[in-house]
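A short write-up of the structure that comes next.
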Amino acid sequence: MKIEELSKRWEPELPLLRCPKCGADFTLERGQFRCGSGHCYDLSAKGYVNLAPSHDQKKEKYDASLFEARSRIFADGFYRPVLEAVCEMLERRFGDSTFTLADVGCGEGYYCAGLARRFPGAACFGVDLSRDGIQRAARNREACWMVADLKRLPFRPSGMDVVLDVLTPADYQAFSLVLGQHGVLIKAIPGADYLKEIRALFRDRLRNPDYDNERVIRHLEGHGEILEHAMVRCEFPLDERQSSDFLCMTPMTFSIPEEIRREKRLEKITVHMEIYMAKVKG
């Protein structure tokens, strides 16, 4: 797609964006995002903008192979119940009204793209510091995609109605800056049985083989008022390719040598997640 056509996709959303370095408004000219302070970012021909060009991508453990594995797992439907639970929360919250949403730590964009399709009137933005993830996400043109630091979200103050955080460490101060007066955080965290089969398989090699989400929940309660809660718990059988993809896609196995991962096989997997809607304290 030509830069001129891509620019037209972004132009309606410009009022919601701010330069992450200085907070100034953007203009978009000839495929370049420019702010009044002179900071400039190119709109990629692949459809995304890199607002963190100085970030060293070589330090990222979230690489193209991980996002490819995750994309296959998402395509197989393992996380569709989680997406559906988020959709139901948004439908109860907004009904037929439009809204703005930032998916922080969006990776390859499964949730953000799914929400953009489900709510075509919404302005959906996917944000991640991994360029590999955003490049894959940008294959979907229904949302806007940005490489950006999650601690300096590139949105105007109070510009977002929803911040979506799925399995990503939360920066509540950054969230509160971009959420409007009636804005909400939707945060999805692992349940006690999340991917328990992987924990059992590598129990002797994992730093924390027994997961407890109480600390994360207390942290959320300390930064906001919980408005709604949902739980998803599903067990699925796996074939050999799916087993390999699950073992590749999770940070849980980052410390496990690849040759050891290749030797292992999962027969089934448990997707257990707790989903909270909360009003973040300013």
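The values are calculated or read from the model by the stated rules, or taken from the named source; none is laboratory data. It should be emphasised that the depicted structure is a prediction, and the values quoted were computed from it without experimental measurement. Quick reminder, even Gly has a Cβ in these numbers, built from the backbone with ideal geometry, and neighbours come from all protein chains shown.
Observations on the structure shown:
- For the stretch 226-237, the criterion of a residue being farther than 17 Å from VAL82 by Cβ, crowded, with 17+ Cβ neighbours inside 10 Å and in contact with a helix residue (DSSP H, G or I) (Cβ under 9 Å, 6 or more places away or on another chain) is satisfied by no position.
- So SER65, is it surrounded by fewer than 16 Cβ atoms within 10 Å (Cβ to Cβ), of a type in the set (Ser, Thr, Tyr) and within 15 Å of ALA137 (Cα to Cα): yes
- Among the residues making up the stretch 78-96, those that are under 19 Å from GLU142 (Cβ atoms) and over 17 Å from the mean Cα position of the chain (by Cα) are GLU91, PHE94, ASP96.
- Filter pass, ALA52 being at pLDDT below 95, within 17 Å of the chain's Cα centre (by Cα) and surrounded by 14 or more Cβ atoms within 10 Å (Cβ to Cβ): yes
- Members of the stretch 213-226 that are assigned to a strand (DSSP E or B) and more than 21 Å from the chain's Cα centre (by Cα): GLU225
- Condition check for CYS22: closer than 20 Å to PRO154 by Cβ, exposed (fewer than 15 other Cβ atoms within 10 Å of the Cβ) and out of contact with any Leu (no Cβ under 9 Å at 6 or more places or on another chain): yes
- Matching entry among PHE99, PHE78 (being modelled with pLDDT of 95 or more and under 18 Å from THR250 (Cβ atoms)): PHE78
- When restricted to residues that are among the basic types (Lys, Arg) and without any contact (Cβ under 8 Å) to a residue 40 or more places away in the chain, the stretch 253-282 contains 3.
- Residue, surrounded by the most Cβ atoms within 10 Å (Cβ to Cβ), within the stretch 238-272, restricted to residues that are outside any loop (DSSP other than H, G, I, E, B) and acidic (Asp, Glu): ASP245
- Screening the candidates ALA174, ALA143 for the property of being within 14 Å of the chain's Cα centre (by Cα), farther than 29 Å from SER243 by Cα and in contact (Cβ under 8 Å) with a residue 24 or more places away in the chain yields one hit, ALA143.
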